[in-house]
Amino acid sequence: FGTGQHETTHMCLKLLETTDLTNRTVFDAGCGSGVLGIAALKLGASHVKGCDIEEESIQEAWRNAELNHVKANCDWQNGDVTAEMNQFQIVLANLNIRFLTTYHSVLTRLPEPPEGRLIVSGFMKSDAEQVLKLLTTSGQLALEKQIGMGEWSAILLRTRL
């Protein structure tokens, strides 16, 4: 995890590449080393905010942002997703099934209508139906694309009008 090589991170990157990020704001829930947020900036996003419960991850995200010359456009913070009160045009959540289950109600309110997107991964293909149901039951999000790699799955959702 954290380098873009793991299947779940790779799928998030693939879904980011299919999303218009031009001048968009991005939130990375569980940002880890910052690889997804930094990629979003390199693909045209204007600003990325990320949180992670591990302080070491936040330190690594700042180092990686500096190495990639995007530090001025980043805001990495130690903490969990429940502390976030703002909405963003793009939300990333490469989290395991336990975290997705715990935080699904927060994650569904973070993408900003009318064109917000939520990219989630970190769960097995066998859990994809459960994750999709958790994230769409409120009616705020709809499935745009689902992909798989090996035994893992990733989902791109869009806000409904």
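The values are calculated or read from the model by the stated rules, or taken from the named source; none is laboratory data. Here the structure is a predicted model, which means the values were calculated and not measured. As a convention, Cβ positions derive from the backbone with ideal geometry for all residues, glycine included, and neighbour counts pool all protein chains shown. Just the protein is used for accessible areas: all its heavy atoms, side chains included, with ligands, DNA and RNA removed. Shrake-Rupley method; radii C 1.70, N 1.55, O 1.52, S 1.80 Å.
Below, the figures for the structure above:
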item: Test: LEU92 is in contact with a Cys (Cβ under 8 Å, 6 or more places away or on another chain), surrounded by 14 or more Cβ atoms within 10 Å (Cβ to Cβ) and under 21 Å from GLU17 (Cβ atoms); result: yes
item: Yes/no for SER126 being at pLDDT 95 or above, in contact with a Phe, Trp or Tyr (Cβ under 8 Å, 6 or more places away or on another chain) and either surrounded by 20 or more Cβ atoms within 10 Å (Cβ to Cβ) or not in a loop (DSSP other than H, G, I, E, B) (or both); result: no
item: Some residue of the range 40-58 being open to solvent by 80 Å² or more (accessible area, probe 1.4 Å), more than 20 Å from GLU115 (Cβ to Cβ) and basic (Lys, Arg); result: yes
item: Unmet criterion (only one of (1) open to solvent by 30 Å² or more (accessible area, probe 1.4 Å); (2) in contact with a strand residue (DSSP E or B) (Cβ under 6 Å, 6 or more places away or on another chain); (3) under 18 Å from GLU17 (Cβ atoms)) for GLN77; result: (3)
item: Qualifying residue in the range 111-133 (condition: among the polar types (S, T, N, Q) and within 12 Å of the chain's Cα centre (by Cα)); result: yes
item: Enumerated strands (runs of 3 or more DSSP E) restricted to the range 7-105, each holding at least 1 residues that are at pLDDT 95 or above and farther than 27 Å from THR137 by Cα; result: 47-52, 74-78
